[in-house]
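For reference, the structure is listed below as structure tokens.
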Amino acid sequence: MVKRILILLFPILIMACHSKVDKQYPTGVEAVLKKAGCNRAELEKAIHYFAKKKDKQMLQAIYFLIENMDIHYSNTYYWRDKKGNKVDFSEFDYPNFQLAVDAIDSIREARGRLEFQDTIIYDMYAVSGQFLIDNVNRAFRSWRQSHYKGIPFQDFCEYILPYRVTVEPLQDWRSTYEEKYSWISDSLRTGNLEQVLIYAGIDFKLWFTSTYGKETRNEPLTRLGAQQLLFRQKGACEDIATLQAFSLRSQGIPVSYDIIPRWATSMGSHFVNEVFDEKMNPIKLDVTDITVANQPFKREPAKVFRVTYSKQAESLAMQEDSPDIPFGYLRMPNYKDVTSRYWTTTDITVSLFEGEQDKITYAYVYNYGDWQPVWWGRSHDNAVTFTDMPVGAVFLPAYYRNGWMVPTGYPVLNLKEGIISLKPDFSSSRTVELSQQEAYLIFRPGKRYELFYWDGDWKSLGIQIPKTDSSKMQFRNVPENALLLLIPEYSEGKERPFTVDRSGVRHWW
């Protein structure tokens, strides 16, 4: 297994790097400039450029980018040999990606084992003034020449202006994408936005390959960079949504980048976009779907987060220290909860166990064989309210202590009629019959199946081994009102929890 070492490129700030002149910048901008250390001069270069242009919007745009720059970074890597020396290699030096892969294989044969060197590069330490100047100039040109020049300036800043989408390697992209996707602007002159997005879906399928379920990227890249997307011509759904953001923003069209961190009633996660018309009316976009535009989700999301360039004061990461937050999307300081734009939601108030109470309670969903954190609420008087929770899903309230999930209440089922607390009741235990069900449960004769119920942990209710001609299994002493889980000996962690109502009907969650 390739050893992966994380290096944070965090320069040592010395007094010589700071400007000796007290500049009169907005407070947030000055705060980032001070953090930027030796790179302050580059950021000020961009500020001075737009101040001299005497274009108030452009100046405000560069302030917007710099003020929020301290939370942004590239998650990338380079190669090093067994002696620790950096290998001089760029995939863009080759005509196509396969030749680049062949080249690194040849280098490996010649120099022996190569290792990935994970690298995080913070924007405020690395972005050049010229890069910012070019980005702002091109973004404004595309916007002011488009049908969208009348949208609010703040929407332009959030959905067109940013030079990055998430944590992809930073690459100059606007000119390349402007040219490649100029047909989108041309099409908008005669067609409506929804039809043009359908064309975008057709174009995407002609040259880009979705790697979902086909291959896993064998390199420490959380996201592909803008130029890598065009060069490799393949990627997972997180890359595909990034590609759509780059392509539409290059034409001055506002577009979001939205994350389903976990499905609530299925496995995995997903990434989609929302594109806006001239009046900022949204059109949902998922080019991986057969129906590209305005296709509703086929299953319940645990949450839907919109990644923004700007910091969001309501995000948990802007209110609490990162080590106190479960690892993952909740640690991001730049997201908005937009679940209600995609699914029917309700606020749910959940009772908590009595005892020592943490100030934050998290909502977990069951995904890939484990409980995963997806949302949070502030605990108060042995209860917590989770806002905008999708209807039709089960959530487990829990604390996050020293890196561990600590259940602090029973799972709750969120229905339109209200919530149901799934507290197992052994005073009403019964025999439950579980039948095969296409796409959910098919028995394998001779294999062991163990039924569990949740009560602070998954607790066993016994094991059954179906016979060759068996299509049903019976388990005795099953508590009423329990969340159940059937695990086969060949499990891949894809099993879904379920409940069985009083009439014996099974409901999957």
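Worth pointing out:
- Couplings 3J(HN,Hα) for the range 405-422, derived from phi with the Karplus relation 6.51 cos²θ - 1.76 cosθ + 1.60 (θ = phi - 60°), are 7, 10, x, 10, x, 7, x, 10, 9, 8, 10, 4, 7, x, 9, 10, 7, 8 Hz, where x marks Gly and Pro.
- With 21 Å as the limit, the listed pairs Lys279/Lys311; Lys180/Lys336; Lys214/Lys336; Lys45/Lys311; Lys180/Lys205; Lys180/Lys311 have Lys279/Lys311; Lys180/Lys336; Lys214/Lys336; Lys45/Lys311; Lys180/Lys311 beyond it between alpha carbons.
- Summing charges over neighbours of Trp207, with a neighbour being any other residue whose Cβ is under 13 Å away from its Cβ, gives +3 when K and R count +1 and D and E count -1.
- Computed accessible area, Ile442, all protein chains, 1.4 angstrom probe, square angstrom: 90 Å²
- Charge dipole (Cα centre; +1 on Lys/Arg Cβ, -1 on Asp/Glu Cβ; no other charges) of the range 181-305 amounts to roughly 260 debye.
- Hits among lysines - C-alpha to C-alpha of Lys459 under 16 Å, sequence gap 8 or more where chains match: Lys423
- Accessible surface, the range 143-228, averaged per residue in Å² (probe 1.4 Å): 48 Å²
- Within the accessible area of the chain (1.4 Å probe), percent carbon and sulfur: 49 percent
- For the chain, the gyration tensor built on C-alpha atoms gives a prolate shape. Its axis ratio a/c (a ≥ b ≥ c) is at least 1.5, and a/b is the larger of a/b and b/c.
- The distance separating the Cα centre of the range 430-509 from that of the range 166-210 comes to 47 Å.
- Charge sum, other residues only, whose C-beta stays under 13 Å from Phe353's C-beta, Lys/Arg counted +1 and Asp/Glu -1: -4
- Relative to the Cα centre, the charge distribution of the chain, modelled as +1 at Lys and Arg Cβ and -1 at Asp and Glu Cβ, gives a dipole magnitude of about 660 debye.
- Ranking Asp455, Asp70 from most to least accessible surface, computed with a 1.4 Å probe over the protein chains only, gives Asp455, Asp70.
- Among Val394, Ser503, Ser106 the positive-end extreme of the charge dipole of the chain (Cβ point charges): Ser106
- Residues Lys205, Lys336, sorted by accessible area with the largest first, give Lys205, Lys336 [1.4 Å probe; ligands and nucleic acids excluded].
- Surface accessible to a 1.4 Å probe, per residue, for the residues of the range 241-281, Å²: 19 Å²
- Solvent exposure, largest accessible area first (probe 1.4 Å, DNA, RNA and ligands not counted), of Asp105, Asp324: Asp324, Asp105
- Here Lys467 is the anchor, and the aspartates and glutamates within straight C-alpha reach of less than 20 Å, apart from those fewer than 8 places off in the same chain, are Glu433, Glu438, Glu450, Glu489.
- Extension gain for Asp172 to Asn382 (0.36 nm times residue separation, less C-alpha to C-alpha distance): 70.5 nm.
- Thr387 accessible area, 1.4 Å probe, all protein chains in place, Å² to nearest 10: 60 Å²
- Net charge over other residues, Cβ less than 14 angstrom from the Cβ of Tyr329 (K, R count +1; D, E count -1): +3
The values are calculated or read from the model by the stated rules, or taken from the named source; none is laboratory data. Being a predicted model, the structure only gives us computed values, none of them experimental. Glycine also receives a Cβ, built like all others from the backbone with ideal geometry; neighbour counts cover every protein chain displayed. Ligands, DNA and RNA are stripped out before the accessible areas are found, and what is left, the full protein with its side chains, is counted by its heavy atoms. Shrake-Rupley method; radii C 1.70, N 1.55, O 1.52, S 1.80 Å.
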